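Trainee: Submitted below is the structure of interest, expressed as structure tokens.
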Amino acid sequence: MNPYSILIIDDEPQMRRLIRTFLARDGYSIEEATDGLDALSKIKVKQPDLCIVDVMMPYMDGFQFAKELKQNANIPLIFLSAKGEEWDKIEGLKLGGDDYIVKPFMPGELLARVESVLRRSYQNNPMRQAFVVGPLVIDSDAHTVTLNDQPLPLTLKEFGVLETLAKNKGRVYSREQLLELVWGNNHHSTDRTVDTHIKTLRLKMGEAGSMIETVWGIGYKFEAK
């Protein structure tokens, strides 16, 4: 899985779905927001590695969002806009934008721009593997989890299940999907194996175990409290 997380900020559902599809194929962890205000509230819970933000949005447009964001966080930004005038590009860059893409664009162009911005932004820093979700800090590199600043002892498979669900909170995974992602394509385990690991995870996590939710008839998802 690609270690970077990306927040897509656009008031058009179709555009968000389109960008999500392009980036998910490369393994990026994706979150969505409908406008600048919505994005700022989500960033308070979990900071992404990159924001892709539309310029023209209701409530809080992309430029105002950039002003607010840069006061509190140093997250790379790529602006999207149907307006390709030079003034708009200059304004976006002056506000701290790392790139400016004019709609419509080709999937390859978007991917190349995203990779370029991430490379420039993080090439001199260790790749960020630890991420925070609710009271959990999950370090993918060290395979460690802390809950309310206390170490949470997990088996390798428990860690894999928790990491998969937490990195993609809100997304529902079937038991078979979790088996393939955590146990591998050649696994010989059953759905009951997943249920058992979910049960032990919830027990170890105590009250925080309620963040792992059962979606009846489908599987499981993670929701930060």
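The values are calculated or read from the model by the stated rules, or taken from the named source; none is laboratory data. Treat the numbers as computed from the prediction; the structure is a model and nothing was measured. So basically every Cβ, Gly included, is an ideal-geometry build from the backbone, and we count neighbours across all protein chains shown. Just so you know, the surface numbers come from the protein's heavy atoms only, side chains and all, with ligands and any DNA or RNA stripped out. Shrake-Rupley method; radii C 1.70, N 1.55, O 1.52, S 1.80 Å.
Trainee: Filter the range 95-110 down to residues that are within 16 Å of ARG16 (Cβ to Cβ) and not in a loop (DSSP other than H, G, I, E, B), then give me how many there are.
Mentor: 3
Trainee: Just checking, how many residues over the range 1-11 are touching a Leu at 6+ places or on another chain (Cβ under 9 Å) and open to solvent by 20 Å² or more (accessible area, probe 1.4 Å)?
Mentor: Residues in the range 1-11 being touching a Leu at 6+ places or on another chain (Cβ under 9 Å) and open to solvent by 20 Å² or more (accessible area, probe 1.4 Å): 3 in total.
Trainee: Considering each of ALA39, ALA73 in turn, give the residue that is out of contact with any Gly (no Cβ under 9 Å at 6 or more places or on another chain), of a type in the set (Gly, Ala, Ser) and under 24 Å from PHE22 (Cα atoms).
Mentor: Testing whether each residue is out of contact with any Gly (no Cβ under 9 Å at 6 or more places or on another chain), of a type in the set (Gly, Ala, Ser) and under 24 Å from PHE22 (Cα atoms) leaves just ALA39.
Trainee: Give the residue that is nearest to THR146 (Cα to Cα), with candidates limited to residues of the range 169-212 that are acidic (Asp, Glu) and in contact with a helix residue (DSSP H, G or I) (Cβ under 9 Å, 6 or more places away or on another chain).
Mentor: Residue satisfying both the conditions and the ranking: ASP195.
Trainee: I would also like to ask the following. Within the range 141-185, count every residue that is in a loop (DSSP other than H, G, I, E, B), under 19 Å from the mean Cα position of the chain (by Cα) and free of Cβ contacts under 8 Å to residues at least 40 places away in the same chain.
Mentor: The qualifying residues number 2.
Trainee: Select from the range 116-140 the residues that are assigned to a helix (DSSP H, G or I) and surrounded by 13 or more Cβ atoms within 10 Å (Cβ to Cβ) and write down the one among them that is modelled with the lowest pLDDT.
Mentor: It comes out as TYR122.
Trainee: With the condition kept exactly as written, say whether any residue in the range 52-67 is assigned to a helix (DSSP H, G or I), hydroxyl-bearing (Ser, Thr, Tyr), open to solvent by 30 Å² or more (accessible area, probe 1.4 Å) and over 19 Å from LEU23 (Cα atoms).
Mentor: Scanning the range 52-67, I find no residue that is assigned to a helix (DSSP H, G or I), hydroxyl-bearing (Ser, Thr, Tyr), open to solvent by 30 Å² or more (accessible area, probe 1.4 Å) and over 19 Å from LEU23 (Cα atoms), so the answer is no.
Trainee: Looking at THR144, THR155, which is the one that is open to solvent by 50 Å² or more (accessible area, probe 1.4 Å), β-branched (Val, Ile, Thr) and at pLDDT below 85?
Mentor: THR144
Trainee: Here is a list of conditions, (1) buried (at least 16 other Cβ atoms within 10 Å of the Cβ); (2) out of contact with any Phe, Trp or Tyr (no Cβ under 6 Å at 6 or more places or on another chain); (3) among the charged types (D, E, K, R), and ARG25 meets all of them except one; can you say which number that is?
Mentor: (1)
Trainee: Restricting to the range 186-225, count the residues that are more than 20 Å from VAL132 (Cα to Cα) and without any contact (Cβ under 8 Å) to a residue 24 or more places away in the chain.
Mentor: Of the residues in the range 186-225, 15 are more than 20 Å from VAL132 (Cα to Cα) and without any contact (Cβ under 8 Å) to a residue 24 or more places away in the chain.
Trainee: Please enumerate the residues belonging to the range 88-101 that are out of contact with any Asp or Glu (no Cβ under 9 Å at 6 or more places or on another chain) and modelled with pLDDT of 85 or more.
Mentor: Passing the criteria: ASP98, ASP99.
Trainee: Then there is this: Could you run through the range 174-212 and say how many residues are closer than 25 Å to GLU31 by Cβ and surrounded by fewer than 15 Cβ atoms within 10 Å (Cβ to Cβ)?
Mentor: Summing the residues that are closer than 25 Å to GLU31 by Cβ and surrounded by fewer than 15 Cβ atoms within 10 Å (Cβ to Cβ) in the range 174-212 gives 4.
Trainee: Further question on the same structure: Could we say that LEU37 is part of a helix (DSSP H, G or I), within 30 Å of VAL161 (Cα to Cα), open to solvent by 40 Å² or more (accessible area, probe 1.4 Å) and aliphatic (A, V, I, L, M) here?
Mentor: No: the conditions fail for LEU37.
Trainee: Being surrounded by 17 or more Cβ atoms within 10 Å (Cβ to Cβ), touching a strand residue (DSSP E or B) at 6+ places or on another chain (Cβ under 7 Å) and in a loop (DSSP other than H, G, I, E, B) is the requirement here; does ILE30 meet it?
Mentor: Criteria not met by ILE30.
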